[in-house]
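What follows is a single structure, written as structure tokens, with notes after it.
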Amino acid sequence: MFRGPPNSERVIPFLKMNTDIREDLLAIRQAALQAVDPFLAVRRHLSLEQKSDGRIWLCSGEARRRLQSDGRLYLMAVGKAAIPMAQAAVDLLGKHLHQGIVITKYGHARGMRLPERVQVFEAGHPVPDQQGLAGAQAAAQMIASAGAKDHVLVLLSGGASALMPLPVEDITLRDVQQLTDLLLRSGATIQELNAVRKHIDQLKGGQLARLAAPASLTSLLLSDVIGDSLDVIASGPTAPDPSTFADAWDVLARRNLLQATPPGVVERLRAGMRGEVPDTPKAGEPIFARVTHTLVGSNRQAALAAVQAARDRGYNTLLLTTFLQGEARQVGLMLAGLAMGIRAHGDPLPPPACLVLGGETTVTVRGSGKGGRNQELALAAALALEGIPSVVIMSLATDGTDGPTDAAGGIVDGGTLKAIEQAGFDPYHELENNNAYPVLEAAGALLKTGPTGTNVNDLLFVLVR
């Protein structure tokens with residue numbers, strides 16, 4: 001049974017950090033991840049209720065749906081936490097489950113034990129690939145077969161947008177890959193990225209709910225987006241979509257990407273703005289009458305658990321925000337500044353202090369290096385912390401993979417910059433080249449956890465002793 005993120009730490013070196021600070025950081029981080037264990041999250045929010053007359057109800061949150069005796073129950077789980085979420089549902093549903101499709105990231109299906117009637121696809125993220133397309137096609141075929149007496153259970157977690165690409169006619173997978181890469185390199189937010197993806201895809205932006213109708217549908221969501229908006233999580237395949245073709249066009253225009261965007265995408269958006277193709281389904285449409293949503297885990301839930309763990313270990317602790325956004329390197333400088341304020345004046349709270357933040361930064365890629373947003377943030381913070389004792393900053397992706405790397409993020413202190421220079425790197429040049437990974441690795445400041453099994457965006461910790 002999946003019982004949360006792995007406890008092993010393969011690479012968590014701390015330069016000249018005290019052992020107690022190391023133990024504190026690991027305990028705080030582990031408490032945060034355990035609070036959003038996707039297996040347990042599904043089990044807390046999903047149940048079967050059998051009446052004495054034999055009727056069976058599927059319950060999620062406050063919603064209850066009767067399972068028809070002559071109907072079929074389908075399962076679709078997509079995202080980086082799809083395997084543990086699906087495992088929890090399969091264990092609960094047992095013989096009542098007719099068929100299932102699971103799509104997750106490469107390497108995230110290790111140790112699974114799902115029945116043969118549940119087909120598993122591992123696929124590419126953050127740039128979609130052919131395996132993701134195959135999984136999305138299989139899922140669409142399964143969902144489209146559902147009738148009025150059937151029920152569809154959808155389990156969504158972070159990464160689902162990239163993991164289930166099903167582009168509309170006249171747009172190729174290669175077009176989607178190129179567009180995704182352009183948007184990611186431009187520093188586009190997840191809201192901007194999804195506004196575009198919804199309007200070139202057959203499942204996103206409420207269109208999975210459209211495909212499932214007239215079957216009833218229950219959607220459980222593990223949120224990896226700021227604010228936990230249902231239409232943004234996984235590009236909102238089961239939720240009404242407030243964005244329009246014009247919004248998608250504006251994103252590309254604002255990011256100066258229209259010239260580089262594949263022609264098929266440009267023509268699709270133009271056709272949509274001319275009213276020649278229907279927009280994504282909006283709030284109030286009949287297809288959502290039999291759809292229910294339940295949020296089972298979030299960044300805030302993880303952050304609050306981290307706060308409690310830090311307080312239990314004697315830290316004056318403050319949750320600053322779970323809405324953190326901005327350019328990663330600028331946020332790194334900001335966190336270093338907060339640490340200095342704590343040391344110098346006890347603001348916003350006196351040491352021993354722990355600041356907890358959650359959210360998602362972005363990186364505008366200008367160089368050709370290797371890294372992710374959490375690694376770039378940590379490298380920028382290390383430059384500002386040079387020589388400052390008793391301060392540690394950790395920035396990590398809760399899924400264990402930061403960008404297209406095998407690292408979760410970085411962990412730096414006042415000695416990190418010296419270690420970088422001793423390793424032969426010019427840290428300022430490497431930051432400009434977006435090359436944080438090898439720099440932090442050489443300095444012993446790279447954080448590797450492997451896939452954690454969950455995904456609720458990023459967490460950042462500032463510890464001052």
Exercise for the section: Mind listing just one residue for me: the one in the range 13-31 that is among the charged types (D, E, K, R) and at pLDDT below 90 and, of those, farthest from S157 (Cα to Cα)? Expected result: K16
Exercise for the section: Would you point out the residue of the range 32-65, among those that are at pLDDT 90 or above and of a type in the set (S, T, Y), that is surrounded by the fewest Cβ atoms within 10 Å (Cβ to Cβ)? Expected result: S47
Problem - strands (runs of 3 or more DSSP E) within the range 15-115 that include 1 or more residues under 17 Å from L295 (Cβ atoms) - result: 46-50, 56-60, 63-67, 73-78
Handout entry: Top-ranked residue in the range 109-132 [being closer than 18 Å to D406 by Cα and hydrophobic (A, V, I, L, M, F, W, C); ranked as surrounded by the most Cβ atoms within 10 Å (Cβ to Cβ)]
Key = A123
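For every residue, the table says whether it meets (1) over 19 Å from V78 (Cα atoms); (2) among the hydrophobic types (A, V, I, L, M, F, W, C); (3) touching a Pro at 6+ places or on another chain (Cβ under 7 Å).
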site: L153; (1), (2), (3): no, yes, no
site: D170; (1), (2), (3): yes, no, no
site: L183; (1), (2), (3): yes, yes, no
site: D201; (1), (2), (3): no, no, yes
site: Q207; (1), (2), (3): no, no, yes
Handout entry: Residues that are assigned to a helix (DSSP H, G or I) and under 20 Å from D170 (Cα atoms), drawn from the range 252-270
Key = L252, P263, G264, V265, V266, E267, R268, L269, R270
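I'd like to check something: does the range 283-299 contain any residue that is more than 30 Å from L173 (Cα to Cα) and assigned to a helix (DSSP H, G or I)? If you could, list the steps in order and put the result at the bottom.
Going residue by residue through the range 283-299, those that are more than 30 Å from L173 (Cα to Cα) are 284, 286, 289-290, 292, 294-299.
Adding the requirement that they be assigned to a helix (DSSP H, G or I) leaves 286, 299.
Yes, some residue in the range 283-299 is more than 30 Å from L173 (Cα to Cα) and assigned to a helix (DSSP H, G or I).
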Fill in the blank from the handout: Checking G284, G346, G326 in turn, the sole residue that is closer than 30 Å to L46 by Cα, of a type in the set (G, A, S) and either without any contact (Cβ under 8 Å) to a residue 40 or more places away in the chain or surrounded by fewer than 18 Cβ atoms within 10 Å (Cβ to Cβ) (or both) turns out to be G284
Handout entry: One residue from S229, S216, S223, S145 being touching a Lys or Arg at 6+ places or on another chain (Cβ under 7 Å) and among the hydroxyl-bearing types (S, T, Y)
Key = S216
Exercise for the section: Say whether the condition of being in a loop (DSSP other than H, G, I, E, B), at pLDDT 95 or above, surrounded by 18 or more Cβ atoms within 10 Å (Cβ to Cβ) and touching a Phe, Trp or Tyr at 6+ places or on another chain (Cβ under 8 Å) is met by at least one residue in the range 423-437. Expected result: no
Exercise for the section: Might you check whether a residue that is of a type outside the set (K, R), buried (at least 24 other Cβ atoms within 10 Å of the Cβ) and touching a Pro at 6+ places or on another chain (Cβ under 7 Å) occurs anywhere in the range 400-414? Expected result: yes
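The values are calculated or read from the model by the stated rules, or taken from the named source; none is laboratory data. Because the structure is predicted, anything quoted here is derived from the model rather than measured. Glycine gets a Cβ as well: all are built from the backbone with ideal geometry, and neighbour counts include every protein chain shown.
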